[in-house]
1. What do you get for Rg/Rh over the stretch 1-64 if you use C-alpha atoms and the Kirkwood form of Rh?
2. In square angstrom, what is the accessible area per residue of the chain with a 1.4 angstrom probe?
3. What residues have an amide H closer than 5 Å to that of TRP64, excluding those fewer than 5 places away on the same chain, when H is modeled at 1.01 Å from N in the peptide plane?
4. Return the Cα extents of the stretch 74-113 along principal axes one, two and three, sorted largest first, each rounded to a whole Å.
5. Return the tail of the calculated pair distribution for the chain, meaning the percent of Cα-Cα pairs more than 19 Å apart.
6. Choose one answer from GLY52, GLY93, GLY65: the residue with the largest mean-square fluctuation in a GNM of the chain with alpha-carbon springs under 10 Å.
7. Using only Cα atoms and rounding to the nearest 10 degrees, what angle (0 to 90) does helix 15-25 make with the longest principal axis of the chain?
8. Counting only residues 5 or more places away or on other chains, whose amide H sits under 5 Å from the amide H of HIS84 once H atoms are built in the peptide plane?
Amino acid sequence: MIKGLRTVTYPVPDLDQAKAWYSQVFNAAPYFDQPFYVGFAIGGFELGLMPGGEPGTQGSVTYWGVDGIEQEVERIVALGGTLHHPITDVGDGIRTVELLDPFGNQIGLIDNPHFETGKVV
């Protein structure tokens, strides 16, 4: 049986620079820090940084849950991220936004008042 989201990885050209940036964005230190992979525990899920990859905006977008999407966009942009696609109301009170990290990866944020964390397995 396939379970819910566990890990999202982002390729980065400079692991130390990416580790510092993501530590600020998520207000968290990595729990796993090796030259071949850096892992952060974020809200019960994992954000992984993979060195030597090619960042980009093609393919899937992972949306990290937030409350107060405007404030999070402002904070991440102040840390060096850039707005890729503006905050969009996708219906039923749910809003999304896509940003780019300083390395070129796309990061999605979602403010979803209907998301039930108790159903995460």
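1. My calculation puts Rg/Rh at 0.96.
2. 58
3. GLY108, LEU109, ILE110
4. That gives 32, 16, 13 Å along the principal axes, largest extent first.
5. It works out to 48 percent of all Cα pairs.
6. GLY93
7. 30
8. It is GLU98, LEU99, LEU100, by chain and number.
The values are calculated or read from the model by the stated rules, or taken from the named source; none is laboratory data. Computed from a predicted model, the values in this text were never measured in an experiment. Glycine gets a Cβ as well: all are built from the backbone with ideal geometry, and neighbour counts include every protein chain shown. Keep in mind that these areas ignore ligands, DNA and RNA; they rest on the heavy atoms of the full protein, side chains included. Shrake-Rupley method; radii C 1.70, N 1.55, O 1.52, S 1.80 Å.
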